[in-house]
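Here is the structure we will look at, set down as C-alpha cells.
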Amino acid sequence: MTTESTTGNGNLNTEVIQWGYQYLSNHGYILKCERPENVQNTPWSCVVRFVTSKGYIYLKHTPHLLALEANILRMLRDHSCPVAEIIAHNTKLDCFLMKDAGKPLREILKKQFNAELFCNAINQFTFMQLSVADHVNNLIDIGVPDWRLNKLADLFAQLLIQKDLLIEDGLLENEIGQLERLIPTVTHLCNELSGYSIKQSIVQPDFNDNNTLIDESQNITIIDLGEIVISHPFFSLLNGLQQMEKHHALTNGSNDYLKIMDACLKNYMAFESRENLLNAFELARPLWFIYGALAGHRLIEACGKSKIMSYQHGKFVSSLREFIAAVEQ
C-alpha cells in the first residue's frame, strides 16, 4: 500500500494507536517512525501505516457496526482466498493490524494501462466469490448482511419507508412515489435473475483497481472487505467496470472493455453459456443500483447520518435516481 491524503470525519484515537504500537513492540517489530502515517480517514474507515523492521504494517479501525473485517478476512483465508493477512485483532477497540501486500493496481494502470493486469485481479476476485458460494451461511453467522435476491425487494421497500431520511439527502417526494411503484419491478427482476445458475456469494461494494494490491512478485491481494454482503456476485463486477470507465476512460465496446468483460464472465462459464451470462449481467445492472442504495444506508446506520451526509451528501439517494433511469429507459 501507499499513503494517500484524505479528509474524512473519522479519527484514530490515542488508545487505538497505542494498542498498535504496544502490540508491535511486544512482538519483535522495531518501529522506524515516531508516528504512523495516515493512509485513509473517512467516517467508515481509518487506516494508518507503521514503518517497521519487518516492513509496513497497517492498522485499521471502523465503527462498531462495521467491525467485521478481521473475522471475514480470516474466514476467506481459510478458503485460500487472496486477501490480507491479519496480525492481531482487538475486538474491544474495533481495530486490527495487517501485513503489507503491495501497492494499489491503480497506481500502475495510471502510468500505463494494462487490461491484462485488471483481468488477473478479476479472475482472483471471481475465484474468491466461487470459493465461498457454498459457505455463505458461515459469513452470515458472523454478521455479514444477507441481501440475497429473494430478500432484495423487501429490503428496498423497507428503505422507502424512511421518507424523511430520503428527502433530507435530496430525494423528491414524487421520486419516492415513482420508486414505490417500481417495487414490483424489483421483484420481477430478482425473480428473472434468480433463474440463472449463478450462486449468490460475497459482494464487495467497492471492488476496483484501487482496492486491489499487487506486490513485486505480481501476487494479487483484494482489500477493503469489511462491508461485504451476500447477494448477487455480478454487483461487484459492475462496480469494477464502472470504476474502470471513470478512472481509465474505458469505453464500452473497446478491445480493453471486451477483455475485461470476458474476465468477468470466465469463471462463471462453468455454469451458464456466455449468452446467458450476458443476459444475467444486464438484469443485474438496474438491481445494482438498489444494492448501492442499501449499501449507502448501511453506512448511515453505522457511522451516523450527520457524518455521512456532510461527507457525501446526495450520494445515498443518487443510486435510487439511477435505478429509476435504468428501468425507465
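FYI, it's all coordinate maths here, none of it is from the lab. Here the structure is a predicted model, which means the values were calculated and not measured. Every residue, glycine among them, receives a Cβ derived from its backbone with ideal geometry; neighbour counts consider all protein chains shown.
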Expressed to one decimal in nm², the mean projection of the alpha carbon convex hull of the range 69-152 is 7.5 nm²
Give me the percent of DSSP beta bridges within the range 104-327 that run antiparallel, rounded to the nearest 5. 90 percent
In the Gaussian network model of the chain, springs joining C-alpha atoms below 10 Å, which of Ile300, Ile214, Ile142 carries the largest mean-square fluctuation? Ile142
The chain - mean residue ellipticity at 222 nm from DSSP helices (-39,500 (n - 2.57) per run, n ≥ 4, rounded to 500): -16500 deg cm²/dmol
Hits among aspartates and glutamates - C-alpha to C-alpha of Lys305 under 13 Å, sequence gap 8 or more where chains match: Asp164, Glu168, Asp169
Label the range 13-84 by shape, choosing from rounded, prolate and oblate, from the square roots a ≥ b ≥ c of the eigenvalues of the Cα gyration tensor; if a/c is under 1.5 it is rounded, and otherwise prolate applies when a/b is larger than b/c, oblate when it is not. oblate
re the range 84-209: pairs of Cα atoms spaced beyond 25 Å account for a percent value of 52 percent
Please go through the residue pairs Lys32/Lys111; Lys99/Lys259; Lys103/Lys246; Lys110/Lys259 and name each one whose alpha carbons sit more than 24 Å apart in this structure. Lys32/Lys111; Lys99/Lys259
Students often get this wrong, so try it: which of (1) -0.40, -0.50, -1.09; (2) -0.34, -0.43, -1.09; (3) -0.38, -0.49, -1.20 is log10 I(q)/I(0) by the Debye sum over Cα atoms at q = 0.08, 0.09, 0.14 Å⁻¹ as calculated from the structure shown? (3)
Cβ charges +1 (Lys, Arg) and -1 (Asp, Glu), total dipole of the chain, debye: 600 debye
Signed unit charges on C-beta, dipole axis of the range 185-281, positive-most listed residue Tyr257, His247, Ser217: Tyr257
With x for Gly and Pro, the residue-by-residue ³J(HN,Hα) of the range 239-254, computed from phi through the Karplus equation 6.51 cos²θ - 1.76 cosθ + 1.60 at θ = phi - 60° and given in whole Hz, is 5, x, 5, 4, 5, 5, 5, 5, 9, 10, 6, 5, 10, 4, x, 6
At a Cα cut-off below 18 Å, give the lysines reachable from Lys199, other chains included and same-chain residues fewer than 8 away excluded. Lys151, Lys266
For the chain, set up a Gaussian network in which alpha carbons nearer than 10 Å are linked by springs, and say which option among Ser201, Ser273, Ser319 fluctuates the most. Ser273
For Lys163, which aspartates and glutamates qualify as cross-link partners when the Cα separation must be under 13 Å and same-chain residues fewer than eight apart are set aside? Glu173, Glu175, Glu180
